[in-house]
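Enquirer: Following this message is one structure expressed as C-alpha cells.
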Amino acid sequence: MARSVTFEELGPVGLICIDNPPVNAISHSVRLELVDAITRAERNSSIKVLLIMSSGELFSAGADISEFDRPEGEPSFQQVEARIEFCHLPVVAAIHGLALGGGLELVMACHYRLAHKNAKLGMPEITLGIIPGAGGTQRLPRLIGMRAALDMILSGTPVSALDAKAKGLVDEVAEGDLRDAALSFCKRLVHERLGPRPTCDRTVIEDLDDAAIAAALRPHARALKGRTTQDLVIEAIKASKLPFSQGIAIETALAQKSLATRESLALRHVFFAERESGKSSGVSSAKQAQPPWIRRVAIIGAGTMGSGIAMAFADAGLEVLVTDNDPAALTRSREIIQSTYASSVKRRRITQNIADDRIRHIRNSLVLAELADADLAIEAVFEDMELKKDVLSKLDSILPAERLLATNTSTLSVTELARATAHPERVLGLHFFVPAHASKLLEIVRTEYASAESLSTAFRVAKLLKKVAVVSRDAFGFIGNRMMLDGYFREAEQLLLEGATPRQVDTALENFGFAMGPQRVSDLGGNDVGTKARVQLFKRESRPDPYFVIADRLTEMGRLGQKTGRGFYGYESGSRDAVPDPEVIGIIEKLAAERGILRREINDQEIVERCILSLINVGSIVLEKGIAARAADIDVVWTSGYGFPRHLGGPMFYADTLGLSHVLQRIRHYYEKLGYYWRPAKLIERLVAAGSSFEQWDRNSISQ
Ligand code: 3H9
C-alpha cells in the first residue's frame, strides 16, 4: 500500500513528509505513519532535529472530514500532537500553500514554525459547524493571545504568512525555496543548540470579558445568524486560561458536542454536496475528463449580464472579448465594468493596479467574427428565442466545432437553441446569477444532445471562476427558478393574497434564516424582471391564476422595486430600507377580492411552514422528473444561489431532518385546504412508504 508519510535522513535533519493527495488531509493512516516516523527518528542518534513538511500544492486541509462519522481511532490527533510536543528532538514545521484546521493544529504542536510567504493559515472549522478539536482552542491563544485566537476561529478565514508572523503564529517567513529555507533553519537550531519549545508550556495572560467577546462576534454577526457553534468556541477559548490538560479536556468535550449538532451535520452535508455535485448520472466521467485549456472567452451581448460575466472571467485572469452590434451598448458595458471595479477599489477589496489589470483583460468589438479564436463563447443577448438562435447559429459557423457554445438563458429551451446549430452536442446553458462576477452558483443546463466534452468544459469553467456548478436538465426554470417560482415565491404571494403583509412574510422567512425575504428580493431584482421572465417561461409551460398576480400588477403600475423607489415596499430616495406601504395592501386586497379569497390573520409559523414545505414538494418533483440528479444538488443550488440558510443544509436535507412522514402529512393537510398545486410529489409518497429519506435516495441512485 502506498505510504502517506515518508521519512528521509538529511544529515542531522530527519525530514518527515506528508503525502496524502489531494489535500494532505490528516487521516487515521497519516497519524499512524507520523508517529512511526517520529519513533524512527528518535531511535536514530545521528538525527538532531525533525522537519515536518508536505508534498503537493498545500501543507494540509486539516482532519479528514470523511472520517468524522467514525470513531477517531488511535493514535488520536491529541496523541500525535503530544508525541510531537514531547519529542526530545526539536520539531520544525514548514508550511506552503495552506495549513487549515487540524493541519494548523499539528503545526502549533511543533516547536518552531516557518511559512512560505505565499502560504495561508486558518481555522475554518466553524464553517463546518465544529470547533477546533485537536488543541486549536488551547494552543492558538497561547501563541497569539485569546482575542486574536477568538477572531481567527470565529472568522474561519485564513491569514497570510506575514500576518501570521506579526501575530506570533509563525517564527519565520521564507521567500524562494521553502525546503532550502527550512533545512537551513533546522541546521541553525542544531548549531545554536536550541531544543524543544512546547507550546503547551506557555500561559495565556490575556482575559476575555463580555465586551471583548461582543466585539469579536460583531463582524461575524451576519455569517453566524441562527448558529450555535460560536458559543462552544467561546467556552473553549476561555478554558485556555486553565492548565493545558484541563483546557484540552474541556475542548475535547465541546468538540464532541459540536460534532453531534444538526448544524454541523448540515454544514458537512453542504461541504461534500458542493464537491460531489455533478458526480452522478453520467456526469462524473465528464467532470474528471481532462478538459481543453481555456484562455480566451467571448461574450456576445454587452448588457448587465454580459458585463458581469465578462468581469467574472477577467477576475479569473482570462482574456475576454465582449461583442455587441450596438456601439452604445458597448460603451455602457465599459462604464458598468469600470464603475464596478472602482467600487471594489473604494471598498478595499482590490487594489487600483489589480482593477486596471482586469479592465485591460476585457476588449470590446462590434465584429462578431473577431471571436473566431475564442476557446469558448457565451451568448448573453436579450431573452428572445429567435435572436438567440440567430446568434448561436452564427457562432456555430465562426468557431471550430469542438469549442463550447453556451447560452446564458434563464427561461428559454436550451434544447431548441441547440437545434439551431449544426453541432447541438456543443451547446449548453451556463446560467449565471446576478451579479455574475460575485455570485457563487453556476447552473449547467444540459440537453439530450450535450456531449461529455462539453460538460467537462463547463465544469472547468466553473472551477476557473471558483463557482459551484450544478447540472440541471433543460426544463421550465431549470432547478433553482422552478423551485422558486412554483414553490417558495408562489407560496409567499399566496400568503399575501390570504392575508399576510409583505413585511410579515419577509420577517418570518428572514427569522428562519434566509438572508432576505422574497418580497425584498423581488424589489431588489426588479419586479419587471420577474414579470418578463415569466412571460418567456409561459411559452414553455403555463401556470393557472393566481400565479404572481401581485408582482405582475406592481410591474404594470411601474412599482418596479428599489430602482423606482416603489415596489412591494416604498423606499426613500437613496435608501435601501424597505418601508411598508398601505397602497400595496390595498392592491393585494383588491386582487384577493377579485379571486374570492377571504383574507385572514396568518401567523409566522404558517408562513414559514408553507413556504418551506412547498419548496420541498417542488424540489421532489424536480428530482422525480430527473431535472436534478440528486437531492444534494438541490441543496447546493439553494444554499449557494438562493440564500437558503447553509446551517440547515438546504431544503432536501432539511426535509430529512424534519422527517419525511411529517413533511408528507403537512403537505397533505395543505393539499386538502388549498387544492391542486399542493398535490404531494409522488417521490415523497414513495420514500415515506419505503421508510426512506432523500439522503438514502441519493445513495441508491449513485450506486445504480
Ligand atoms: C478539522 O481539521 C478538525 C480538527 O480541528 C479536529 C479534528 C479532531 N478532508 O475543495 P476541493 C477533498 S476540520 C477530507 O475540490 P480546492 C474534497 O472533498 C477540517 N477531504 O479543492 C475533494 O475531494 P474530491 C478543516 C477533503 O482546491 C478534494 O479534497 N478544514 C478535505 O477547490 C479537493 O477539494 C477545512 O475545513 C478534508 N479536510 O480547495 C478545509 N478538504 O476530489 C476544507 C478537501 O473527491 N477544504 N477534501 O471531490 C477546503 O476548504 C478546500 O478543499 C481546499 C482546496 C481549500 C483545501
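The values are calculated or read from the model by the stated rules, or taken from the named source; none is laboratory data. Computed from a predicted structure; not experimentally measured. Here the Cβ is made from the backbone with ideal geometry for all residues, glycine too, and neighbour counts use every protein chain on show. Side chains are part of the model used for accessible areas, which takes the heavy atoms of the whole protein and leaves out ligands, DNA and RNA. Shrake-Rupley method; radii C 1.70, N 1.55, O 1.52, S 1.80 Å.
Enquirer: Along Cα→Cβ, 7 Å out, is where each label goes; now give me the distance between the ones at T507 and S542 in nm to one decimal.
Expert: That separation, rounded to one decimal, is 3.9 nm.
Enquirer: Show me, for segment 153-168, the HN-Hα J-couplings you get by feeding each phi into the Karplus relation (A = 6.51, B = -1.76, C = 1.60, θ = phi - 60°), rounded to Hz, glycine and proline as x.
Expert: 3J(HN,Hα) across segment 153-168, in whole Hz: 6, 5, 6, x, 8, x, 10, 6, 4, 5, 4, 4, 5, 4, 7, x.
Enquirer: Continuing with the same structure: Once label points are set 7 Å from the Cα along Cα→Cβ at both V367 and D69, what is their separation, rounded to one decimal in nm?
Expert: 5.8
Enquirer: Continuing with this model, one more query. Alpha carbon centre of segment 634-704 versus segment 13-44: separation in Å?
Expert: Going from one Cα centre to the other spans 44 Å.
Enquirer: So for each of 172-183, 300-311 I average, over its residues, the number of other beta carbons within 10 Å; can you give me the resulting order with the highest mean first?
Expert: 300-311, 172-183
Enquirer: Show me 126-139, 338-351, 108-121, 246-259 ranked by packing, highest mean number of other Cβ atoms within 10 Å first.
Expert: Put in order of decreasing packing, that is 126-139, 108-121, 246-259, 338-351.
Enquirer: At a 10 angstrom cut-off on C-beta neighbours, averaged per residue, how do the peptides 501-507, 597-603, 552-558 rank from highest to lowest?
Expert: So the order, starting with the most tightly packed, is 501-507, 552-558, 597-603.
Enquirer: In addition: Which parts of segment 400-423 would a label at E448 reach, counting a residue when its backbone N lies under 16 Å from a point 7 Å out along Cα-to-Cβ?
Expert: Correct set: 413-420.
Enquirer: Show me, for segment 325-338, the HN-Hα J-couplings you get by feeding each phi into the Karplus relation (A = 6.51, B = -1.76, C = 1.60, θ = phi - 60°), rounded to Hz, glycine and proline as x.
Expert: Using θ = phi - 60°, the values come out as 8, 10, x, 5, 5, 5, 5, 4, 4, 4, 5, 4, 5, 5 Hz.
Enquirer: Here's another thing I want to ask about it. Skip the ligands, DNA and RNA, and give the accessible area per residue of segment 509-602 with a 1.4 Å probe, whole Å².
Expert: Per-residue accessible area for segment 509-602 comes out at 52 Å².
Enquirer: Let's test this: bin the Cα-Cα distances of the chain at 10 Å from zero up to the farthest pair and state each bin's percent.
Expert: Going from the shortest bin to the longest, the percentages are 3, 13, 21, 23, 20, 13, 6, 1, 0, 0.
Enquirer: On the accessible surface of the chain, probed at 1.4 Å, how many percent belong to carbon and sulfur atoms?
Expert: For the chain, the apolar C and S fraction of the accessible surface comes to 53 percent.
Enquirer: Using a basic spin-label model with each label point 7 Å from the Cα along Cα→Cβ, how many nm lie between R668 and F272?
Expert: Rounded to a tenth, the inter-label distance reads 3.2 nm.
Enquirer: Have a look at the DSSP beta bridges in the chain and tell me what percent are antiparallel, nearest 5.
Expert: The answer is about 25 percent antiparallel.
Enquirer: With respect to the cross-link table entries K394/K532; K440/K590; K165/K346; K466/K539; K590/K682, which display a Cα-Cα separation exceeding 31 Å?
Expert: Too far apart for the 31 Å limit: K440/K590; K466/K539; K590/K682.
Enquirer: Here is a further query. Starting at the first residue of segment 211-216, write each ³J(HN,Hα) from the Karplus equation 6.51 cos²θ - 1.76 cosθ + 1.60 with θ = phi - 60°, in whole Hz, x for Gly and Pro.
Expert: Going residue by residue, I get 5, 5, 5, 4, 5, 5 Hz, with x marking Gly and Pro.
Enquirer: For K187 and E606, what does the FRET efficiency come to when R0 = 60 Å and r is the distance between their Cβ atoms, rounded to the nearest 0.05?
Expert: 0.25
Enquirer: Related question: Specify the inter-centroid distance of segment 107-137 and segment 438-492, based on alpha-carbon positions, in whole Å.
Expert: The two parts, judged by their Cα centres, are 34 Å apart.
Enquirer: Then there is this: Hey, how many Å between the Cα centroid of segment 186-238 and the Cα centroid of segment 556-631?
Expert: 44
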